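Data block below; observations after.
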Amino acid sequence: MANRDCLLAVECLSVDFETRRGSHTAIESVCLDVHAGETVAIVGESGSGKSVTSLAIMGLIRKPGVIRSGKVNFNGMDLLALSSCQRRQYLGRDITMIFQEPTVSLNPSFTVGYQISEVLKLHLKMKRTECRKRALELLHEVGISDSLRCFKSYPHQLSGGMNQRVMIAMAISCKPSLLIADEPTTALDVTVQAQTLALLRQLQKNNGMGMIFITHDLSLVPDIAHRVLVMYAGQIVENCSIDVLFTGPLHPYTEALLKSLPAHHDKQGERLSTITGTPPRAGETITGCHFHGRCSYARERCKESAPKLIAALPDDPRLVRCFYPLAANSKTSAGRP
Amino acid sequence: MSNATSVEDVDVLTPWQENWYKLRANKIAIAGLIVLMMLITSAIFAPLIASHAPNEQFIDSLLAPPFWSEGSKAGFVLGTDDLGRDMLSRLLYGARYSLFLGFAIVLISLVTGVAIGALAGMKQGITETVILRLMDIMLAIPAILLAIVIVAILGASLFNAAMAVSIVLLPHFVRITRAAVISEINKDYVLASRLDGTRGWKLLFRTLLPNISAPLIVQATLSFSNAILDIAALGFLGLGAQPPTPEWGTLLSTSREFIETAPWTVTLPGLAILITVLASNLLGDGLRDALDPRIDQ
Amino acid sequence: MPQLLLRRLLLVIPTFIGIVALTFFLIRLAPGDPILLIAGEHGVSAERYAELQHQLGFDRPIFIQFADYLWQVLNGNLGISVVTQTPVLEEFGKLFPATLELAILAIILAVVIAIPAGVLAAVKRNTLIDHSITAISLVGYSMPIFWWALLLILLFSVNLGWMPVAGRLNFIYDIDSVTGFMLIDTLIAGDREAFIDALYHLTLPAVVLATIPLAVITRMTRSSMLEVLKQDYIRTARAKGMSETSVIFKHALRNALIPVITVIGLQTSILMTGAILTETIFSWPGIGKWLLEAVYRRDYPVVQGGVLLIAGLVILVNMAVDVLYLVINPSLRQQK
């Protein structure tokens, strides 16, 4: 599936964490493509490896984490094969990232203006006055009206929503071709969350950049993404277009996730369904399909051998990691209201 | 937060057991503990271990070097000093002074400090302000200087030096106790105790103290090493133990003039101080890691 | 921020009065009659005794005496040395530069080594480098410095003969005291050899005095740095494409230094303690040695005035550190 002409092609990326008790796998054989102008959502519970995937793409995995194998092709060039010094040229310029907790993701000792200018100076070699002018423009672009005051503020003087806008301004400062947003709205209030999403969607469309949107909240996905990857216990279990996700999930886990969403729960008076059991703990070795313990469709084969991420049907672009994918018919679908 | 072990569930660790397991995992801290235990044992059994009395003079063996040097004499493993006294015996007896005084000083400081700190924390208002100001003042005067002044006034003796060091170490215990009492006193378990009718000192000892013991224990361990250092420093300055008492600091000051001819009379007592202080600091660091709930696992 | 500063400043006043009170009453507890002490060994007649008592104000109520003493202190009159008959403040002023020169050099030495060492240990966490730095600083932290001084003398002065044992300058040089700082005075005099000699004299005492602060600052820098490196904004800095050097020395160190600066400030008290021991061992003509000798000679006005001045100095430095803390910590600066 490695597609050389797409913006980002991640091939079989695996990351291990080495602890004193031995090494355990955080993500395993993660493959994903992002085309220019496309938003790909990665959905999964906490601990499923979403953030590790995004940090691995950026080359920011730190000890005890180790990238065991894989390639991260960005514009046809393997980022992981580059030296960290070479890779740094792209970070913050062509590939940028925003994080979950905007307030603690900004350095408390510097003004936000300084922190934006720093990127401009580093990558675009701008002079001080230019930096200032451009930073003010950027703040304006992300919808901060009093950009001058914001420029001079320290992160602790701004609200979480404002800080996330600042982070976004910093991320788009060098017109990146790929933006990775790691749970950018999780720590924000619901109204601010909607505004931030709208801003991201608009910036993505205007700048034509590719975006990876990481979230644990499947309900946010239809508003922003074109395609969705579902992760479970370090593996991608389903990769499909947003149009078909809600009508016919292929993987039992995706189906369970959809069923637990209030918005897609149509029968009045019935309890929301939950997924029984807990995801495997870090370091736990699982044989067979990672989801078999919690899967209501699990059969003997699921416990013994591990399924691969393959096309569900010969002509279907959807990929699923399941021996018995749910048929794309209405019988098992959660149904869109 | 409670210290009680539940009767039905024997597998549940009491907080102290849990802390002990955490401390035991810290090999360096345990090394400190073992060294300290060895020092204490040899101090207690000094009369049995030492080959000579600490002040016994051997006129024919003045300044005999230790066993690894040329010209060493049998029977004097670590050599002799200028008056022909056995260094090893003097060091062993000296351990009694340093260690015993260390414990005594910390105990006095701890008890008084907790009482004053608890008073400040529980009474609040003007009492608290006066106590805190006084502690600020004491902290503004460098420790050794304050001890020197106190000794200068009380007169130079080991007992007065110990009193001075206890006073110097006091403010830390007062501050820790007060801060801990204030942070604990509004918690629900204290309120529950108060509703039960527990008041005053009883409230402090039964309810509060077990819950603020962790920082106090850490401070006590670190104060122990400070006490030993300060007592030795006062001894060295001639303001603590007086010769011929074999206190380590005093040993150092009397042998200073032989630094060129008999360096072992200078190096050995200092090494003894360093080892003791290092061991208790290692233990103190380990205890802090084990007892600090913020650094869990 | 100005309000906060003012409040901090006002807080110094009661502490200072408290210190004056403490030294005043502490000295009164001393055994021996101060008048007999002043009169000397020959003793005095009863009339002369009463006269002296009146002259020195000892016949007045103790609180009046205290108020009088406080007034004198505020006017810069700290009494007269019983031994040398010179005003305490004058003696202090003469000897203080020697201590200051030593202390400044020691703290520079400590900071210059400790901060890079602490940063290195944190960045190379759990490696041999980290373990070595941690072990060395723990030994330094536990060091009885009077013994350490003797060891250094034994090695560098007695055995190797590289360093002088005592004093600030070889007596063959005759340098006019302009600033009181030997390094600067020798430079002003343009005497290169004397400057080098002064530097040689300073080295061992400064190393000894720097030992404890060095260990404390290293430990603090390491733990503060470890804490900061875990923060999210460090990840952001890396994601921006900043070099590891910029990440560590700009984004991390800037924040890690905030608690370290407090610790450096608190070293003043430790430095003064160290100065007493160091100056005594190296016969360094500073206030530490002066105070200790005053204690030996029971020169109470000197002890009283000296303690007061040192405590005042410690309070001033601590206040300066508080102010500095506000300046470098933007999140505190905003609070009213």
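Pick from B:ILE116, B:ILE137, B:ILE176 the residue whose mean-square fluctuation is largest in a GNM of chain B, springs joining Cα atoms under 10 Å.
Comparing B:ILE116, B:ILE137, B:ILE176 in a Gaussian network model of chain B, the most mobile one is B:ILE137.
May I ask for the angle, rounded to the nearest 10°, between helix B:125-140 and the longest principal axis of chain B, with both axes built from Cα atoms and the value confined to 0 to 90°?
Once rounded, one gets 20 degrees.
Subtracting the Cα-Cα distance from 0.36 nm times the residue separation, let me have the gained length for A:SER241 to A:LYS152 in nm, one decimal.
This chain segment gains 27.8 nm when fully extended.
Using only the Cα atoms of the range A:21-91, build the gyration tensor, take square roots of its eigenvalues as a ≥ b ≥ c, and label the shape rounded, prolate or oblate: rounded if a/c is under 1.5, else prolate if a/b is larger than b/c, else oblate. Walk me through the intermediate numbers first.
Numbers: a/c = 2.01, a/b = 1.15, b/c = 1.75.
Oblate.
Using a 1.4 angstrom probe on the protein heavy atoms only, could you order C:GLU227, A:GLU238 from most to least accessible area?
Reading off the accessible areas and sorting them downward yields C:GLU227, A:GLU238.
Averaged over every viewing direction, what's the projected area of the C-alpha convex hull for chain A? Give it in nm², one decimal, please.
Mean projected area for chain A: 18.6 nm², to one decimal.
Would you rank C:MET182, B:MET122 by solvent-accessible area, highest first, keeping every protein chain in place and using a 1.4 Å probe?
Result, largest first: B:MET122, C:MET182.
Could you give the angle, 0 to 90 degrees to the nearest 10, between helix B:264-291's Cα long axis and the longest principal axis of the Cα atoms of chain B?
Long axis of B:264-291 versus the principal axis of chain B: about 20 degrees.
Shape verdict for the range B:103-297, please, from the Cα gyration tensor: rounded (a/c under 1.5), prolate (a/b greater than b/c) or oblate.
Since a/c reaches 1.5 and a/b is larger than b/c, the shape of the range B:103-297 is classed as prolate.
When all C-alpha to C-alpha distances in chain C are sorted into bins of 10 Å, what percent of pairs does each bin hold, rounded to whole numbers?
5, 19, 25, 24, 17, 7, 2, 1, 0
Counting only other residues whose beta carbon sits under 9 Å from that of B:ASN26, what net charge do I get with K and R as +1, D and E as -1?
Working: positive: B:LYS22, B:ARG24, B:LYS27; negative: B:ASP285, B:ASP289.
Cβ neighbours under 9 Å give a net charge of +1.
Ignoring ligands and nucleic acids, what accessible area does A:SER83 show with a 1.4 Å probe (Å², nearest 10)?
Here the residue's solvent-accessible area equals roughly 50 Å².
Taking springs between alpha-carbon atoms closer than 10 angstrom, which of A:ALA169, A:ALA135, A:ALA187 fluctuates most in the Gaussian network model of chain A?
Judging by the Gaussian network model, the answer is A:ALA187.
Select from chain A the helices, each a whole stretch of DSSP H, whose alpha-carbon atoms run 15 Å or more along the helix axis and whose Kyte-Doolittle mean is at least 0.5; answer none if there are none.
Working: long enough: A:112-124 (18 Å, 0.59); A:128-141 (19 Å, -1.15); A:160-171 (16 Å, 0.47); A:190-207 (25 Å, -0.20).
Length and hydropathy pass: A:112-124.
Please list the radius of gyration and Dmax for the protein assembly as shown, considering alpha-carbon atoms only, with Å as the unit.
Rg then Dmax for the protein assembly as shown, in Å: 35.4, 123.
How much accessible area does A:VAL192 have with a 1.4 Å probe, in Å² rounded to the nearest 10?
The accessible area comes out at roughly 30 Å².
Tally up the carbon and sulfur contribution to the accessible surface of the protein assembly as shown as a whole percent, 1.4 Å probe, everything protein left in place.
Summing carbon and sulfur atoms, their accessible area is 60 percent of the total for the protein assembly as shown.
Can you give the calculated 222 nm mean residue ellipticity of chain C, where each DSSP H run of n ≥ 4 adds -39,500 (n - 2.57) and the sum is split over every residue, rounded to the nearest 500 deg cm²/dmol?
-24000 deg cm²/dmol
List the DSSP H helices in chain C whose Cα atoms stretch 27 Å or more along the helix axis and whose mean Kyte-Doolittle hydropathy is at least 1.0. Walk me through the intermediate numbers first.
On the way: long enough: C:2-28 (40 Å, 1.67); C:88-123 (49 Å, 1.97); C:192-229 (47 Å, 0.96); C:253-281 (39 Å, 1.32); C:300-328 (42 Å, 2.05).
Helices passing the filter in chain C: C:2-28, C:88-123, C:253-281, C:300-328.
Rounded to the nearest 10 Å², what accessible area does B:ASP82 show when all protein chains are kept and the probe is 1.4 Å?
50
Counting only DSSP beta bridges with both residues in chain A, tell me the antiparallel percent, nearest 5.
On the way: 29 of 48 bridges.
Around 60 percent antiparallel, to the nearest 5.
Just want to confirm a number: the relative contact order over the range B:103-297, from Cα pairs under 8 angstrom separated by 6+ residues, in percent.
Dividing the mean separation by the residue count of the range B:103-297 yields 23 percent.
Average the reciprocal distances over every distinct pair of alpha-carbons in the range B:50-110, invert the result, and give the Kirkwood radius in Å.
About 12.5 Å for the range B:50-110.
Keeping all protein chains in place and using 1.4 angstrom, which order do B:TYR93, B:TYR21 fall into by accessible surface area, from largest down? Don't skip to the answer; put the middle values down first.
Numbers: B:TYR93 40, B:TYR21 110 Å².
If we order B:TYR93, B:TYR21 from most to least accessible, we get B:TYR21, B:TYR93.
The values are calculated or read from the model by the stated rules, or taken from the named source; none is laboratory data. What you see is a predicted model; the values in this text were computed from it and never measured. Backbone-built Cβ (ideal geometry, glycine too); neighbour counts: all protein chains shown. Only protein heavy atoms, including side chains, enter the accessible area calculation; ligands, DNA and RNA are left aside. Shrake-Rupley method; radii C 1.70, N 1.55, O 1.52, S 1.80 Å.
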